[in-house]
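This report concerns only the one structure given below.
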Amino acid sequence: MTNEFTSSQPLIPIAILTGFLGSGKTTLLNCLVRQPAFSDTLVIINEFGEISLDHLLVTQSNEIVVTEMDSGCICCSIRGDLARTLREIGWRFSREGKRKFKRVMIETTGLADPAPIIHTLMTDDFIASRYRLDAVITTVDSVNGMQTLDRHPEAIKQVAVADRLILTKNDLIDETQLTDLQHRLARLNPTAQQLRVLNGETDGQALFGARLFFLDQKAPDVLGWLNESAYAGTIKQAGNASDTFRYQPITGKLSKQRFQKKQKVAQQDIHGHDDHIRAFSFTFDTPIEPELFDQWLGLLMAFKGPDILRVKGMLNLKHRSGPIIIHGVQHIFHPPVELAEWPSEDHRTRIVFITRDIDRSVIERTFDRFVSTGTEAFSTGTGV
Ligand SMILES: Nc1nc2c(ncn2[C@@H]2O[C@H](COP(=O)(O)OP(=O)(O)OP(=O)(O)O)[C@@H](O)[C@H]2O)c(=O)[nH]1
């Protein structure tokens, strides 16, 4: 059996398609697979039968979460089924030594937590050396979206980790309702691009290419990606969590550390989910000692990781000429990336957060203690 991957090949982009039950994932996929531009995209689905099998590149991967990590934590679990599928498709979908697909789209079940999928892509050595997470695409049912967000914490998490939010069934509600939903989504995830889509009709090409790290272009739009000015609100929701920390530090000195902290499963307040989510940003004026930053983020993730839904940052670290880009979903972080140059004259550290039940003041206080050692303060910021 030959392996159709080689290390010299560019990493294969993967898009995760998630969204609550009945929110229009399959309808979207059915439209996408008919587009010529999608012909080189391998689709991994949960169940055959829902999607048109006219598309040649479809395979199945049942969502069986393996919870054999030290902590038994769902969020940290490896999706063994998915890992196996991603290992196999290289040779299963190839002919005469040539791989038949250039991209992958994974459709999750409506109740799926995207975190274990993201974790699988980043922590499995084989997969991480061949694939790159390109975009998390979340469908939101415009008719039932408000109610779903009220009742289901997992739906809010699907929104919070999204790069693209696809609003479906817009034909069934009026403009005012749709605008209200869009505002709510923007508060939950200020930087996710929102697209209104009718009966799944959208440009498949436009759905890929959302993540800064993995764009092949020479000058990535880091300011657009960070979009800190969008973090002007406060959003909320109750959640569920019990987790382990796994943060990959910049200096590497903490790489073997595992922080574990059992956390109580939060009460799910059916009527007040949004009240628990915060979206905010802060900046720091002077270069930061990398080790101090690692310690701060490491401890923050150890104690609060399950409730830090998303972090994006551009850091000015001492001894580095370009900005360091960090990006995490809960306590799972991409390896930090150093850009060749700053995107503008502004060389301040900028970090944006979407959290659950963590106030901006907590982040600031701990940052101040570890990183600025009490001599410097946060300069600006919006949010709570
Ligand atoms: N009116 C209208 N109906 C839509 C639209 N998009 C999807 N639907 C319908 O919504 C229903 C659910 O859509 P699906 O695509 O099956 O949703 P799903 O997210 O795959 O559902 P699960 O797999 O059960 O989670 C279907 O009957 C679709 O035809 C739309 O834009 N407008």
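The values are calculated or read from the model by the stated rules, or taken from the named source; none is laboratory data. These figures come from a predicted structure and were not determined experimentally. Ideal geometry is used to build each Cβ from the backbone, glycine not excepted, and the neighbour counts take in all protein chains shown. Side chains included, ligands, DNA and RNA excluded: accessible areas come from the protein's heavy atoms. Shrake-Rupley method; radii C 1.70, N 1.55, O 1.52, S 1.80 Å.
Total residues in region 125-163 satisfying the condition of being part of a helix (DSSP H, G or I) and hydroxyl-bearing (S, T, Y): the figure is 1.
Condition first: in a strand (DSSP E or B), farther than 16 Å from E228 by Cα and not charged (D, E, K, R). Can you find one or more residues in region 287-298 that meet it?
Looking only at region 287-298, we keep the residues that are in a strand (DSSP E or B), and these are 288.
From what's left, farther than 16 Å from E228 by Cα: 288.
Okay, now just the ones that are also not charged (D, E, K, R), so 288.
Taking every residue of region 287-298 in turn, at least one turns out to be in a strand (DSSP E or B), farther than 16 Å from E228 by Cα and not charged (D, E, K, R).
With respect to the stated conditions, P336 fails to be open to solvent by less than 70 Å² (accessible area, probe 1.4 Å), modelled with pLDDT of 85 or more and either out of contact with any helix residue (DSSP H, G or I) (no Cβ under 9 Å at 6 or more places or on another chain) or not hydrophobic (A, V, I, L, M, F, W, C) (or both).
Tell me yes or no: at least one residue of region 27-34 is at pLDDT 80 or above and either among the polar types (S, T, N, Q) or away from the ligand (no atom under 16 Å from the Cβ) (or both). Checked against the condition, which is being at pLDDT 80 or above and either among the polar types (S, T, N, Q) or away from the ligand (no atom under 16 Å from the Cβ) (or both), region 27-34 yields at least one hit.
Within region 189-203, being part of a loop (DSSP other than H, G, I, E, B) and either loosely packed, with under 15 Cβ neighbours inside 10 Å or in the same structural domain as H276 (by TED's automatic domain parsing) (or both) holds for N199, D203.
Residues checked against (1) within 16 Å of the ligand (Cβ to nearest atom); (2) open to solvent by 30 Å² or more (accessible area, probe 1.4 Å):
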residue	(1), (2)
A112	yes, no
A115	no, no
T123	no, yes
K157	yes, no
A162	yes, no
R187	no, yes
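Any idea how many residues of region 13-23 are within 6 Å of the ligand (Cβ to nearest atom) and buried (at least 22 other Cβ atoms within 10 Å of the Cβ)? Let's see the steps before the verdict.
Of the residues in region 13-23, the ones within 6 Å of the ligand (Cβ to nearest atom) are 19, 21-23.
Subset that is buried (at least 22 other Cβ atoms within 10 Å of the Cβ): 19, 23.
Count: 2.
Within region 341-364, one or more residues are among the aromatic types (F, W, Y) and within 14 Å of the chain's Cα centre (by Cα). What do you reckon, is I106 in a helix (DSSP H, G or I), within 16 Å of the ligand (Cβ to nearest atom) and open to solvent by less than 10 Å² (accessible area, probe 1.4 Å)? Considered against the rule, which asks whether it is in a helix (DSSP H, G or I), within 16 Å of the ligand (Cβ to nearest atom) and open to solvent by less than 10 Å² (accessible area, probe 1.4 Å), I106 comes out as no.
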